[in-house]
Ligand SMILES: *Cc1c(COP(=O)(O)O)cnc(C)c1O
């Protein structure tokens, strides 16, 4: 497969939403067809509307706090003694992570369509927390579908959602986790779509949700492009953009403006969650050999057993603990435009320790996976190489687990 020039990736294979002819699509029950078709038509109009884009940019600036910083990590680079390491500090964003971009756009869509209710699903609770924040900002009533088991495990995030005025709907079917929360959320949407808008928290799910999310997080790479130009006068050679990949929304947002650059100028590296060092469990469908399957309404590489049952996953970072991955990343892997690798829990912890030792930066465990890869390759590269890591989350949310894991050693 060759990438078509000039057409943004997000618009390629638009007709059926199958990137590369095989990833993505909309595998949905018949009852969901109408709300999804309606939303698709509305979003195609909104994304071209000057006034909607103006509104989006206004809230990105004044509510989220864009642009986030682009900084050189001098001390870390010097310590490693190779490539220059830079960070795009996306965790500066309101709420401490990139998920707020997607949540804000969904709240704006909801408001523009004249709907008063917004719903979403959440696993670890971060997507739910961000959606509840955006809903509060725009005066929308918010319901978050969450597995009963997850509610028990993620009390701080549940408390935050309630504080923002959201109602948490416990899902007690199936495994009582994210998979069931997604199904329940969709079921609710079918019966209430006249008054209610639905949000999916990453570049996953039926095609339209991949698109809306990618369109939202692409703000990150628009900013970075401008910041590279003002720092270096032109886009330099020998850049590596390293990003952690769970569902893939922060990585896609970080890369989207650079996908059409030649690979030998801008390399794209995705880092998945390799899980605990001595465990078979992981959340790395792209780098540890998963097969094509269907999850949450889209075809992608999915961690599954030989019968197609979704595997249990494990990772120290709740944000990366997902058995599937965005069809966009499956496409970038198959076309070899991006490469994917993984970091283990231990690698991420070690990277966290090193980054925080040398820099005034507090990356959460998800971007610590990306830093692990940067730390691994930087010493082997010359000083004219530029590694940029998307520091997409703040470690405040990981305080308890960091305390527990770092005190053991
Ligand atoms: C949710 C989350 C992720 C994983 O989601 P993506 O869609 O892959 O970006 C990564 N980092 C942080 C900080 C998160 O909150």
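Show that you can apply the helix-only estimate: for the chain, add -39,500 (n - 2.57) for every DSSP H stretch of four or more residues, divide by all residues, and state [θ] at 222 nm to the nearest 500.
-12000 deg cm²/dmol
Mind checking the full-extension length gain between residue 33 and residue 53? Use 0.36 nm per residue of separation minus the Cα-Cα distance, one decimal, nm.
So the chain would gain 4.5 nm between residue 33 and residue 53.
Give, in nm to one decimal, the length gained when the segment between residue 79 and residue 403 is fully stretched (0.36 nm per residue of separation minus the Cα-Cα distance).
114.2 nm
Taking only Cα atoms, what is the 0 to 90° angle, nearest 10, from helix 33-46's long axis to the longest principal axis of the chain?
Long axis of 33-46 versus the principal axis of the chain: about 60 degrees.
Calculate I(q)/I(0) for segment 366-409 by the Debye formula, one identical point scatterer on each C-alpha and no solvent, and give its log10 at q = 0.13, 0.22, 0.30, 0.33 Å⁻¹ to two decimals.
Normalising to I(0) and taking log10 leaves -0.41, -0.82, -1.05, -1.12.
Extending each Cα 7 Å along its Cβ direction at residue 264 and residue 45, get the distance between those two points in nm, one decimal.
Here the answer is 4.8 nm between the modelled labels.
Testing the spin-label approximation: label points 7 Å from Cα along Cα→Cβ at residue 307 and residue 173. State their distance in nm.
For residue 307 paired with residue 173, the spin-label model returns 2.0 nm.
Would you mind checking the tilt of helix 399-408 against the longest principal axis of the Cα atoms of the chain, expressed as 0 to 90 degrees and rounded to 10?
For 399-408 against the chain, the angle is about 40 degrees.
Could you bin all the Cα-Cα distances of segment 1-159 into 5 Å bins starting at 0 and give me the percent of pairs in each, rounded to whole numbers?
2, 7, 12, 13, 16, 17, 15, 10, 5, 3, 1, 0
Taking the square root of 5 times each eigenvalue of the Cα gyration tensor, what semi-axes in Å does the equivalent ellipsoid of the chain have, largest first?
Ellipsoid semi-axes (Å, largest first): 31, 24, 22.
Using only Cα atoms, tell me the angle between helix 126-137 and the longest principal axis of the chain; keep it within 0 to 90° and round to the nearest 10.
Helix 126-137 sits at roughly 60 degrees to that axis.
Show me the ranking of peptides 34-41, 90-97 by mean Cβ neighbours inside 10 Å, starting with the highest. Write down the numbers at each step before the final one.
Details: 34-41: 15.8, 90-97: 23.2.
By packing density, highest mean first, the sequence is 90-97, 34-41.
Just need log10 I(q)/I(0) for segment 263-393 at q = 0.10, 0.13, 0.21 Å⁻¹, Debye formula, equal scatterers on the alpha-carbon atoms, no solvent, rounded to two decimals.
Each listed q corresponds, in turn, to -0.34, -0.56, -1.26.
Here, each number is a calculation from the coordinates, and none is a lab measurement. What you see is a predicted model, and the numbers here were worked out from it, not measured in a lab. Using ideal geometry, Cβ is built from the backbone for each residue, glycine included, and neighbour counts are taken over all protein chains shown.
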